[in-house]
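Some notes on the structure that comes next.
What follows is calculated from the coordinates using simple rules that are stated; it is not laboratory data. Computed from a predicted structure; not experimentally measured. Ideal geometry is used to build each Cβ from the backbone, glycine not excepted, and the neighbour counts take in all protein chains shown.
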Amino acid sequence: MTESLDLRSPSAKKEPDDYVQDLVRQAGSSFLWAMRLLPASRRRAMYGIYAFCRAVDNIADGPAEATEKRAQLETWRHEVDLLFSGKPEHPIMRSLQAAVQVFRLPKAEFLAVIDGMEMDVREPVSAPSQADFTLYCRRVAGAVGLLSIRAFGASGALAEELAIIEGEALQITNILRDLEEDAARGRLYVPAELLKTYGIAQTDPLKVLAQPEFSDVYRALTEMARMRFKRARALISQIGGPSLRPARLMLETYSRLLDRLEAEGWPRTTVQIKVPRIKKLWLVLRYGLF
């Protein structure tokens, strides 16, 4: 359901932090494990970032007409302006007010996330150019990474590179996981140049997935994600410090998901591929505590 801006609803009358925590818990995200590793103030910041991203993402994926979706996204842009002018209204933005000041969260990255959602709203993204694919990943994943890395407590050029490269790795893994679901919505987040490399001239999502050559495209995408995970691991080792435990846990969780996606191959027979809960617990123990 699209996250509403109706401040008259009973849920909107909760304390902002309680409102946001409820949203995060209801979402059941894999990121919840990583968020719990953070100190309280940083965890609240991450809950707010996640809730904001979820709200605008729900608009892009929701049932409303494109005109209504654009209007809702414009309302969120106004909410970002209010947040950075010190007068937030929506509970999510009120919960982020302290984090914006304490952790110096960049306004431009909140707006970039909205810009990424608008790319989906303008028309279904289907076989974009490599440049548009890179821009889309930068907006919907890199921007989230750059907000998150500040909340984690890391800074500097290497930390920013990590935020963008890991964000891309997570996003490409999500793309691989959701190929069928996205195609049913008329979406195909695969660069047109990559399709052409393997002799696929089609751009209709369902027809593309049915091409025998798509198995080669699938392998190329998994390798694209794999190389980004490799670079992210190197950056985490280079930067060091406990502040990156959540980033490392998210990396290892999604890397295991990529392993399962790669092992399944294409076309795949498993309806839903995910990391088992017991594996996630083991990853928390290994990469979250040590």
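Divide by every residue of the chain the summed helix terms, -39500 (n - 2.57) for each DSSP H run of at least 4, and state the resulting mean residue ellipticity at 222 nm, rounded to the nearest 500 deg cm²/dmol. Spell out each step's value before the answer.
Working: 15 runs with 196 residues, N = 290.
Mean residue ellipticity, 222 nm, calculated: -21500 deg cm²/dmol.
How far, in nm, would the chain grow between A131 and A71 when pulled straight, counting 0.36 nm per residue and subtracting the alpha carbon separation?
In short, 19.0 nm is gained.
How many nm is it between the label spots at A157 and K207, if each spot is 7 Å from the Cα in line with the beta carbon?
4.7
Work out the FRET efficiency for E223 and D18 from their Cβ-Cβ distance, taking R0 = 41 Å, and round it to the nearest 0.05.
Details: r = 43 Å, r/R0 = 1.06.
Step by step, r from the Cβ atoms, then E = 0.40.
Spin-label point model (7 Å from Cα, Cβ direction): what's the D259 to Q26 distance in nm?
Reported label-point gap for D259 and Q26 is 3.5 nm.
On full extension of the chain, what length is gained from Y198 through E89, given 0.36 nm per residue of separation minus the C-alpha to C-alpha distance?
Length difference between fully extended and current span is 34.3 nm.
For R185 and A234, what does the FRET efficiency come to when R0 = 25 Å and r is the distance between their Cβ atoms, rounded to the nearest 0.05?
Efficiency at R0 = 25 Å is approximately 0.10.
Within a Cβ distance under 11 Å of S255, other residues only, what is the Lys/Arg minus Asp/Glu net charge?
Once all neighbours under 11 Å are counted, the net charge is +3.
With a Förster radius of 30 Å, plug the Cβ-Cβ distance of R104 and N174 into 1/(1 + (r/R0)^6) and report the FRET value to the nearest 0.05. Intermediate results must be reported in sequence, preceding the final value.
Working: r = 28 Å, r/R0 = 0.92.
Rounded to the nearest 0.05, the efficiency is 0.60.
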